[in-house]
Structure formats: structure tokens, C-alpha cells
Amino acid sequence: MIDRRLLTNFDWKIFLLITVIVALGVLNIHSASASYKLAGLSYSVKQIYWFMIGIMLVVLTCSVDYHILEDLSFWFYGILIVFLLLVLVVGKTTMGATRWLHLGFFTIQPSEPMKIVITVTFASFFTRVAPQSLLGLKEIIRPLAILMVPALLIAKQPDLGTAIMVCLVAGSIILAVGVRWSTMLTLILTAIPILFIAWNFLLRAYQKNRVLNFLSPERDPLKSGYHLIQSKIAVGSGGITGKGFMHGTQSQLRFLPEQHTDFAFSVFAEEWGFIGSIVVLALYFALIIWGMNVAARCNDRFGTLLAVGVTAMLFWHIIINIGMVIGLFPVVGVPLPLFSYGGTSMITSMIGVGLLMNINMRRFMF
Amino acid sequence: MSKQQYVRGGQDLGRRLYFLSVAAAVLFAVILTRLWFLQFIEVDRLKEMSENNRLRFIPVAASRGALIDRNGKVIVNNTPSFSLAVIPNEVTDKDYLIDNVAKVLKLDKEELLAKWEKGKGRAKYIPIILASGLTRDQVEYFEENNLRLNGLEIEVKPVREYPNVSLASHLLGYIGEVSEKELTVPEFSNYNPGDYIGKSGIERSFESYLHGDDGGRQIEVDARGRYLRTLNETLPVPGQSLVLTIDIDLQKATEKALGDKAAAVVAMDVNSGEILSFASNPGFDPALFTGRMPPEIWKQYLEDKRRPLENKALKGMYPPGSTFKMITALAGLSEGLIDENTTVNCTGEHKLGNATFRCWNKKGHGRVNLKSALRESCDVYFYQLGERLGVDKIAEYAKKFGLGEPIGIGIDGEKSGVVPTAAWKEKKTGTKWFKGETLSVSIGQGYLTATPLQLAAMTAGLANDGKIYRPHVVKKILDRDGKTLREYAPELLKNSSLKPDHLRLVKEGMLAVVNEPRGTGAAARLYEVKVAGKTGTSQVVKQKDAKMALAYLHRDHALFVAFAPYDKPEIAIAVVVEHGEHGGGAAAPVAGQILRKYFELKGVIKRPVTDSDIDESDNESDGGGD
């Protein structure tokens, strides 16, 4: 069943690239969680297990021609929407948000796979349904509707980070497909009054407060603002060469929140300094440029758009996470792909990498 | 789609991909620049901050809004409370410190160490509270010995003060530390562990107004924990105060009249729905719930047969007994089945098939009409009427008076009571409705239940020609300058279009209950003001033998509802005395005392000013007898 060409065409360079990122991530998780009192496996070992599961997913994703996704995409989309609705009705609530769904024997979090499914759905939509020209106002309404249904359902959970991510991925694909300038202008001009009405009439005071705190953490020095300051201190005090592995004072004294997951990069920047940070940034940049190349070299529109979407997903995670850690963006719970601890994020990222490899390998077959 | 278009699209796609890559590169460059800025330019400042990272966050709790009575008298307010906290990473000599703290506060060393251990999972700069409720002397001691006891800190928090102890405790509710489960609820997403929130009553239901916004100071301290400078400060915003509809003097009189009985009273303003007094007896001491509840008192609360923790006025569901006869009578009048001259011969029992339904008066009342049936609470009259009405018609009128559904007083946990119908029983038990059950319902027994709050609202409806204003307990919400932010206007809950003549007949019956010879409610009579009311007895156990009748928990509940003044009703009241046996004997005198106080406070009844003023209300208004 496994194609022989799979081995010959397998992109070992990229595989090496992601292995290096994951390895740095594991080292960093080890340091970040050194001060935790844990029962059972340490986070760094667990992350290695997740990576192995990820590798299996890459192989699995590569071995099936991605074109079957073109037909299946709307099914995936429909099933996930049903799951998202179910979450709202019967979901399990943790930490004030309802994201998980019990399926008897296991629980799933349907918002996470939506990031990939919206990519596949959009790629398929713009290949088979939409006219293949620049998008006018009429052509853009349907894709926006396809996007808004899951985005609003996810935002309602509330999982603002994932909702924003789904929108950014979809938006990137729309930009790749191309939008008329006039359309773009119209969309912006309609968005303004809608936002105005929502702000003044639909949102309650505490909801407004939450949005404002999100946009400017200094308003709320008790929580997000405090984390932000501590994270900036961690990154900046690393200086050029860093304080050394396991020697970051900010992280070892636990001034950082969620330092093995969302704030993993600030631990790394503190201990490895500017030099270490550049290395990680360069590795990510290489990954993104490779992803865009896969998109550009692909001969069919579906493959190109799929590659753009997956690359955008990785890209926005990287930018938003690091941007948050260094105080450029508001604090959103978005992990750094392949680097932050977490099974969900690892699985999504590795499926994405697998898809890119898949598209890359099959470009010769046309 | 033409081929040409596709090719053009394809070429453009390539160009756009190129632009997107460039855009991505630019964003990477922005990140890089920011990293450079932080790690090259800002490095010295941030390094210093990380080396002396002694940024400390001192939360400043907002003081909770006060609860004020309708005349501006404070019922519940705040007082500062001092806690002793330890910041683990600044402690130099742990043993010395624990020894000292244990000695000064007279606490067990093990207990202090256990608290310290519990806080260990968190970051080391976060203070762990070792003890709360310190005295001024203790605070002074720790402040003077600050240098020798590195790592200690005194925190000041406003806490609730209850000058009236258990007064209206069920209505006001208590506060306590927010639980982990509550923290997962969106409403409390802005709360932190250790915050106090309302747990029951008004404190719970008006939490969002009362709480206020906590503030805090981000300060920098030196290596010994001494204050250097404030980096950031958010002032706490005090919670909003509530002006309640309760009259604290009437409330006191209410609870005094109840003594140590297990009972509930609701008194409300007929013309606005404002609750004037609201008691569930016995009460509890809310202050005990805020701190560490002494186990022996907790045990006492749980084992007390009178259930002091239960809000009986809001959640107690009692068969209304004969206090329901007014509704059966109104249904009969409105449906044209009886009029004021209709008479029934009460022989002391009523036969339905093989079953015999007894009147409470075994000798029988003889020939009774509506007025005398109400006055003497003849059961046979209402058995016969109920049989002709059928249960569904009775239910229709009960619902017009707010029974069978929560009234919406605005406090969590309100019970709806039960107004049975044939369909209700079929759904609930799967069995058909029996005619005999209709007879029980017509005298307020059987499946029919209501809360004291509903009975007060029902009585207000009778007094006010079918109009019931929604009972509510909060009059106004004030901001911290005492300005009114929101005012709760009377809201019409029910407005049944009943014939004034029919209502008049029922009210005349109620007037007779209290004021005529042979009336069952004479104990509520006031000579200065005309009171109308109705006694009730609600069965706890159906068939009782002599032995059971003795056991407290098997005795019947005593009920009494009333309104006054008869001609221009102002106040409606419902009294339920658990296991008080007879409404006329146990509940009516209570209502009488409360009504007397109400009219005294209004100046309608003059109080004789004597030295024994305080004890006076104990032996008044016992006139009449049953």
C-alpha cells in the first residue's frame, strides 16, 4: 500500500528541520518545568511521546494522495460543525470555557481540527465552486459564511485564540485567491458600523471590559498585565547570550505563567539570549519559506491553496505566540507550534507538516 | 469559465504567493527588531529588574456594598480585618518565625505549618495567609518586629460586620470564599481564589452589585522585603449599597414574635410588592460562615430539628390548608356555583362513594353560608364546592393568585410549590386523578403546596382586588456617593379580572374570621385597626394515632394569612409555624403582634411609653382567644 516513491521523495531535509525545532522545544520544556512538583512522567518525556505520535501522523498523512481531501472536505466540515454545536449543548466545562466533548470513551476538542478543516474546505471551495478569478462582493459572501459559522461557534465557547486563528488562516487563503480592491474596501466599510453597533448595543459591560483588557493588558495589572511585564523582563534580561540552560531566574523562580506551554519562548529567550532566539526564528522562517515554495511549485490549484492554508496556520501561530511573549500582541492562549508543550498542538502541527510533504511529493505526478 | 481566465488566475496566484511570502518575512523582521530592542537596548534595565525581581503584587480588596433598611438604617456593613501572611521566598529563619507567630497568636505550630505547606505549589513570592482576624495588639507586635521576622506581611481586608447577628439571616445570606467550582463559572471568571463572594440570599443574588472591583498595587521591594516604590496602582472600587424594602424594626418584632419556634413569616406592602419583613426561624449567624466555622456549631445547625439553615419562607413548601379556602370560594363564586346565600348543612362529614371526608369539627357546623363557612373554617362546605368545581378549575384560580410557579422575588432557590391538575398527576405518577383528591385540594391539602412567600402574595392579591405586585426585597441600588443608580418600581405580577362583589364576599369572610364571635383568627385582632385573615392547619401526617400526635415532627403546621387595614389594605402577611398544630392558636397571635408593630411604627397605634417598653410586646395582643 505504501508507495515506493514515498521513500525516494520523502523530504528528509524538512524532517530534520522539524526534528531540530522539537528537540530544542523538549530541552526548553525540561528547563521550564524543572521547578514543578510532578507525579508521573515529566513534561519533556511526554512531549517526546507526542512527537513520536506526530511522526506516525506525518507518515500516515503522506501516504494518501491529498486530492481525496477535495471530495471529503465538506463532509469534514459538516461533521465538525455538528460537533461544535454539540459542545455548546452538552460540552464539558473547564476553566470557565466549554471546549471538550465527551464521546463516551474519549473526549475531543473540535475547535482544534477546525484550523485544518477550514483550510481544506476553503481550498476545495475556491477550486471547485468559486469562479477562479479575483473575488468580487458576490463571490466572497459564501466563503465568509462558511468561515463565520465555525468562528462564531468557537468564539462562543469562549476560545478567542482558536477563533482568531481560524479567521486568520481563512483570511490568508482568501488573500492568496485574490480579492478586488473595491471589494476589500466595501468589506472594511461595512465592518466599521457593525463593530460600532456591537460595541454599543450588544456587548455587556463586563464583556467590553474583557475585550479592553485583552487589547491593552496594562488596564488589568492584576492578571495579564503582570504576566506581560514578567515575560518582557524574562526575554530582555536574557541579553545577547542568555543566562544559560536551566539558569533563567524568571523561569526557575516561576514568575512566568504557563511557562512550559504558551510562554515557552520567553523561557528560551531568557536562557539562550538573542543568539538562541535568532536560531529558533531562523528555523521557523525556513519552515515557512519551504511551505510557500511547496505552494508555489504545486501544479494544481487545490494543492496550492491547501499548502498556503497550512503554511498560514503555522505562520500565524508562530507570529502571534512570539509577538505575545515579547509584548507586541495581546495575551491570547496560542501555543508555539512544535515548541510549546502540548499533544493537541503537536498533532495539529504534524498533520500540517504531513500535508505539506504530501503536496510536495506529488507535484511530479501532474 | 474560459481557459484564459484560469491561466490569468494562475499567474496572479503565483505573484500573490510571492507577496504573501514577503509580508511574512516583514513580520518576522518586526519580531526580530523587537527582540533586538529588548535584548540589546533594554537589557540592562530588564536584567536589573530580573535580578531584584521583587515586584510584588498587593491586592487591595474592594469593600462590599452595605445593606440598608428602607428607612436608611444600616443592617450589614464592613469592618477592617487584619490577616497575617508569609512570603516564602523572603523568609530567612522559618523555625524562628513559626515559633513566634504561634506564640503571639496562640495557635498550634502544626496548623501553621500545614497552611504553609498548602501554599507551596504556587510561586514563592505569592503571600500565604497564615491567620485572619488579628487583634490590634497582634498587628502592632508584628509591625514592630518586622525586621526580625523577615517575610511576614499584614494584609488588611474589609469584612462583613453583622451588628444584628442572625437578624434576617436567610434573606441577607452569608458570604464565603469562592470555591474552585464557582471559579469555573463565567460569572466569576474575574475572581481569584481567596476572594469572598455572596453564597446565599441577597448577598448571592446581588453579588455583581455588592462585590465591587478589587484593586491592587504593584510594588517593588528590596531584598529584605521593604517597600521601595509603587510601580502601578489600581484603586479598588467599592461595591454598590442596596437599600432594602425591609423595615429593620418590623423585622426585629417579627423574629421576636416567633421566639424559638420553627417558622416562617413574610409581610409585604400590598400596593407595591415591597417585602417589609421576611423571616425564617431559627436564623443562623452569618459571621460564622465567613471564617472558620466551629465544628460544634456546625453540628448543632445540622442536627437541629428546626432546620436553621433552611430558608423556609422561600423554599419551604407547605400545604396551605384552610388559608386556601378563599381561592376555592372565589372559584365557586366566579363560576356561578355559589352565591352569598348558598347554604350547606355540615353534619361533620361528607361522603363521596365509600369514602368519608371529615370536617375538623366532628360535631358539625350545622347550616353554613359562605361567610360562616370561612369564619368557622367549615370543611364540608368546601368539600361540596370542590366536588362541583373539579380540580382543574380550582387550579385555574390558584394560578391567578401566583401559586404553583416561582414568584420571582429575585433571590436564588425560590420554590414553585405545586398546584395539581389531573394532567399534572397523570404525568407525575402515571395514575389517574381521583375525585377524592379534589376534595383534599379544595381545603388546601393533598398535593397542593405553597411557600410562605406565595401565601403572602396570594393574600396581597385578595386584599388588592386581584392585583398582585411582584414581591421584591431591594428598593434601590446606591453608588458609593449615595446616589441612586437604579430603583425598583412596583411591577404588576398578576391582575386577575375578578368581580369586585365576589372579592368583597371573600374579604368579608376573612374579616369575620378575626373579628366576629366564633371566628378562628381572633388572636390577630387589633382594636385600633381592622384586620382580615384566615387560619389554616396543614397536615403533616394523614392518619395519626394518639402516640404519633405527641411526636413533635408529626404535629400539624399552623398557618395564618392576613391583611390590614380592611378598608384600605396596606400590608399582607403570611405566617407558618411548623408543628404549631392550630393556625388560630400558634400562627394568628404572631401575625397580630407583627401587625400591631407595623401600625405602631406608622403612628396609627399609639404606644404607651413605659419603663417596661422593651418587654411590652411579649404580652400584648393576646386578646380574643380561639
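Assorted remarks:
- The 3J(HN,Hα) values that the Karplus relation (6.51, -1.76, 1.60; θ = phi - 60°) gives for region A:63-70 are, in residue order, 7, 10, 4, 5, 5, 5, 5, 4 Hz. Gly and Pro appear as x.
- Counted by neighbouring Cβ atoms within 10 Å, the residues B:Ser377, B:Ser538, A:Ser63 run from fewest to most as A:Ser63, B:Ser538, B:Ser377.
- Against chain B, whose longest principal axis is taken from its Cα atoms, helix B:109-118 shows a tilt of about 80°.
- Cα convex hull of region B:180-271, projected area averaged across orientations, nm²: 11.3 nm²
- Radius of gyration and maximum dimension Dmax of the protein assembly as shown, Cα, Å: 37.0, 110
- For B:Arg555, A:Arg363, the sequence from fewest to most other C-beta atoms within 10 Å is A:Arg363, B:Arg555.
- Dipole of region B:245-403, positive direction: furthest Cα of B:Thr356, B:Ala398, B:Phe284, with charges on the beta-carbon: B:Thr356
- Comparing A:Ala23, A:Ala191, A:Ala155 in a Gaussian network model of chain A where C-alpha atoms under 10 Å apart are linked, the largest mean-square fluctuation is found at A:Ala191.
- Computed extension gain for B:Glu187 through B:Lys399, at 0.36 nm per residue and net of the alpha carbon distance, reaches 73.0 nm.
- By the rule of a C-alpha distance below 22 Å, with chain neighbours fewer than 8 residues away ignored, the lysines paired with A:Lys46 are A:Lys37.
- Working note: 222 nm ellipticity from helices only, DSSP H runs with n ≥ 4, each -39,500 (n - 2.57), summed and divided by the residues of the protein assembly as shown, gives -15000 deg cm²/dmol to the nearest 500.
- For chain A, radius of gyration divided by Kirkwood radius, i.e. Rg to Rh on alpha-carbons: 0.97
- Top of A:Leu336, A:Leu328, A:Leu80 by mean-square fluctuation, Gaussian network on chain A, Cα under 10 Å: A:Leu328
- Long pairs among B:Lys315/B:Lys425; B:Lys568/B:Lys602; B:Lys312/B:Lys568, criterion Cα-Cα beyond 19 Å: B:Lys315/B:Lys425; B:Lys312/B:Lys568
- Relative to one another, the C-alpha centroids of region A:172-189 and region A:306-366 are positioned 24 Å apart.
- Residue separation of B:Lys499 and B:Asn89 scaled by 0.36 nm, minus their Cα-Cα distance, works out to 139.8 nm of gained length.
- Within a Gaussian network of chain A (alpha carbon springs, distance under 10 Å), most fluctuating of A:Ala145, A:Ala176, A:Ala32: A:Ala145
- FRET efficiency for the A:Leu283 to B:Glu426 pair, using the beta carbon distance and R₀ = 60 Å, is estimated at 0.25.
- Within straight-line cross-link reach of B:Lys94, lysines at Cα separation under 16 Å, skipping those fewer than 8 residues along the same chain: B:Lys103, B:Lys109, B:Lys115, B:Lys118, B:Lys120, B:Lys124
- Summed residue charge, Cβ within 13 Å of B:Val43's Cβ, Lys/Arg positive, Asp/Glu negative: -1
- Cα centroid separation, region B:414-430 to region B:314-391 (Å): 22 Å
- Expressed in units of 2.2 N^0.38 Å, where N is the residue count, the Cα radius of gyration of chain B is 1.30.
- Ellipsoid fit via the Cα gyration tensor, region A:235-277: semi-axes of 16, 10, 7 Å, each the root of five times an eigenvalue, largest first.
Each reported figure results from applying straightforward, stated rules to the coordinates on display, with no laboratory input. Everything quoted here is computed from the prediction, not taken from an experiment. Because the Cβ atoms are built from the backbone with ideal geometry, glycine has one as well, and the counts that use them run over all protein chains shown.
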